[in-house]
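The values are calculated or read from the model by the stated rules, or taken from the named source; none is laboratory data. Since we're looking at a predicted model, the values are computed, not measured. Counting neighbours? That spans all protein chains shown, and the Cβs are built from the backbone with ideal geometry, glycine included. Remember, those area values only see protein heavy atoms, side chains included, never the ligands or the DNA or RNA. Shrake-Rupley method; radii C 1.70, N 1.55, O 1.52, S 1.80 Å.
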Amino acid sequence: TVGEAVPDAQRGSWTSFLKSIASFSGDLSSLTAPPFILSPVSLTEFPAYWCERPELFAAIADATSDEDRAKRVLRWFISTLKGQYTSRNESMGSEKKPLNPVLGEVFYAYYICNPEKGVSLQGHSAQKTSFSGGSIIVKQIGHATLTVTLPNGEKDEYLITLPRLRIDGLWYGSPYIELCETSWIVSASGWVSTIEYKGKGYFSGKSHSYKATLTPPPSSRGLPTHIFEGTWHEKSKNVKTGELFHDVTGPKEEVSVKPVEEMDEWESRKLWGLVSKGIREGDFELASREKTRIENEQRQRRRDEVAAGTKWELKHFVHVDSDPTYERYGKFFNANPPTEDAYVFQHNPPLAEFDAPATGA
Ligand code: CLR
């Protein structure tokens, strides 16, 4: 039945929420959703999931060859998916609607760097949502670049693209994510990982299944193709050798940030503090009052921007229209679109302190 997992009093508002998504395309974040589906966490915090497997991130530096390094990058990437896409189900019972970031909001724990090991990563992500067949379809825009400084001072570089996702289970009021289609990891050395995502009924028949094919550079002679298969939220193995490839059934490391009291007013947890408190404690009057205040202030900032004829200035990044790294490696998988924006991190304060291993990575 519709809304099986929805509290009785909120069924009506869940049904109208579903109707509004069905007849709406574009920005989901502006739709009013019933309280039971609200998350107390801002989308601004989500990049922290990339930091939760610091040991696998560091291990990229210990590779013995280009081939081995490409495998380690793939292993680390696959291992971050569980946190990115299933952790809210575990902690809150289902996927929830994150707080919608406002102009000027920041979350400090990022970019990711292990200076001792010479491994760093930078990226950006945005979403385009649509509705189809009872599910929300989310196309991710953006990509990440991982850089490894080798012992001889040379750099190896990886372009990482982001998977598409589908939000299922809406009808019952218990949304969850399934990854779909294909994403890629392309290395400067020419090794390419093609990662295919399937839900129930494909490959192993289980949900959250994936199959990754790691192919050698076109110029290489006789180097093998590797195939890895399994479930990204559990484990996978090398199909030919049977060897375990990744295993995330153990604990992960959560990113730690400074106490909220020490944050400045633009930092996500401080900015949304009372809204989060309201949502966590079931005081939805407080949550909605505070949310309205924050959103009105944001509207005013947008109006000021228009009136002054200026564009919002980024605090820590410089925006470039086309990313040469993306264009270079995008050719290996016929990237569509052939170019993407990039945001170049300025290493400017107060983030400079995170160049030290504060993220745990
Ligand atoms: C953001 C980038 C992260 C991975 C990630 C995980 C969950 C996604 C989120 C991204 C984007 C926003 C998202 C969310 C799940 C639900 C939420 C799609 C891609 C939408 C906007 C909320 C839908 C509302 C229903 C849950 C009712 O690295």
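Determine whether region 105-115 contains at least one residue that is out of contact with any Ser or Thr (no Cβ under 6 Å at 6 or more places or on another chain), more than 10 Å from the ligand (Cβ to nearest atom) and polar (S, T, N, Q).
So far as region 105-115 goes, yes, one or more of its residues are out of contact with any Ser or Thr (no Cβ under 6 Å at 6 or more places or on another chain), more than 10 Å from the ligand (Cβ to nearest atom) and polar (S, T, N, Q).
Which ones in region 49-83 are of a type in the set (A, V, I, L, M, F, W, C), surrounded by fewer than 21 Cβ atoms within 10 Å (Cβ to Cβ) and assigned to a helix (DSSP H, G or I)?
If the condition is that a residue be of a type in the set (A, V, I, L, M, F, W, C), surrounded by fewer than 21 Cβ atoms within 10 Å (Cβ to Cβ) and assigned to a helix (DSSP H, G or I), then LEU56, ALA58, ALA59, ALA61 are the ones that fit.
Just wondering, is there one or more residues in region 338-348 that are open to solvent by less than 50 Å² (accessible area, probe 1.4 Å), of a type in the set (Phe, Trp, Tyr) and assigned to a strand (DSSP E or B)?
Scanning region 338-348 turns up at least one residue that is open to solvent by less than 50 Å² (accessible area, probe 1.4 Å), of a type in the set (Phe, Trp, Tyr) and assigned to a strand (DSSP E or B).
Determine whether ILE160 is farther than 16 Å from LEU18 by Cα, more than 10 Å from the ligand (Cβ to nearest atom) and surrounded by 17 or more Cβ atoms within 10 Å (Cβ to Cβ).
So ILE160 fits the description; yes.
Does region 68-81 contain at least one residue that is at pLDDT 95 or above, near the ligand (Cβ under 10 Å from one of its atoms) and not hydroxyl-bearing (Ser, Thr, Tyr)?
Within region 68-81 (the criterion being at pLDDT 95 or above, near the ligand (Cβ under 10 Å from one of its atoms) and not hydroxyl-bearing (Ser, Thr, Tyr)), the answer is yes, since at least one residue qualifies.
Before we move on, is SER120 more than 30 Å from THR64 (Cα to Cα), crowded, with 18+ Cβ neighbours inside 10 Å and without any contact (Cβ under 8 Å) to a residue 40 or more places away in the chain? Don't jump to the end; show me each part of the working.
Details: more than 30 Å from THR64 (Cα to Cα): no; crowded, with 18+ Cβ neighbours inside 10 Å: yes; without any contact (Cβ under 8 Å) to a residue 40 or more places away in the chain: yes.
Considered against the rule, which asks whether it is more than 30 Å from THR64 (Cα to Cα), crowded, with 18+ Cβ neighbours inside 10 Å and without any contact (Cβ under 8 Å) to a residue 40 or more places away in the chain, SER120 comes out as no.
Can you tell me which residues in region 84-102 are open to solvent by 20 Å² or more (accessible area, probe 1.4 Å), more than 10 Å from the ligand (Cβ to nearest atom), on the phi < 0 side of the Ramachandran plot and touching a residue at least 24 places away in the same chain (Cβ under 8 Å)?
Hits for region 84-102 are ASN89, MET92, PRO101.
Scan region 260-268 and give yes if some residue there is under 30 Å from LYS291 (Cβ atoms), in contact with a strand residue (DSSP E or B) (Cβ under 9 Å, 6 or more places away or on another chain) and open to solvent by 80 Å² or more (accessible area, probe 1.4 Å), otherwise no.
no
In region 166-185, which residue that is in contact with a Lys or Arg (Cβ under 9 Å, 6 or more places away or on another chain) and closer than 21 Å to THR339 by Cα is least open to solvent (accessible area, probe 1.4 Å)?
That would be SER183.
Open to solvent by less than 50 Å² (accessible area, probe 1.4 Å), under 17 Å from SER91 (Cβ atoms) and either within 9 Å of the ligand (Cβ to nearest atom) or in contact with a Lys or Arg (Cβ under 8 Å, 6 or more places away or on another chain) (or both): does that describe PRO40? Talk me through it step by step, then tell me what you get.
On the way: open to solvent by less than 50 Å² (accessible area, probe 1.4 Å): yes; under 17 Å from SER91 (Cβ atoms): yes; either within 9 Å of the ligand (Cβ to nearest atom) or in contact with a Lys or Arg (Cβ under 8 Å, 6 or more places away or on another chain) (or both): yes.
Judged against the criteria, PRO40 is a match.
Kindly establish whether GLY3 is more than 9 Å from the ligand (Cβ to nearest atom), surrounded by 17 or more Cβ atoms within 10 Å (Cβ to Cβ) and farther than 19 Å from GLY278 by Cα.
In short, yes.
Would you tally the residues in region 190-214 being in a strand (DSSP E or B) and hydrophobic (A, V, I, L, M, F, W, C)? Reasoning before the result, please.
Of the residues in region 190-214, the ones in a strand (DSSP E or B) are 192-198, 209-214.
Adding the requirement that they be hydrophobic (A, V, I, L, M, F, W, C) leaves 192, 195, 212, 214.
Qualifying residue count for the region: 4.
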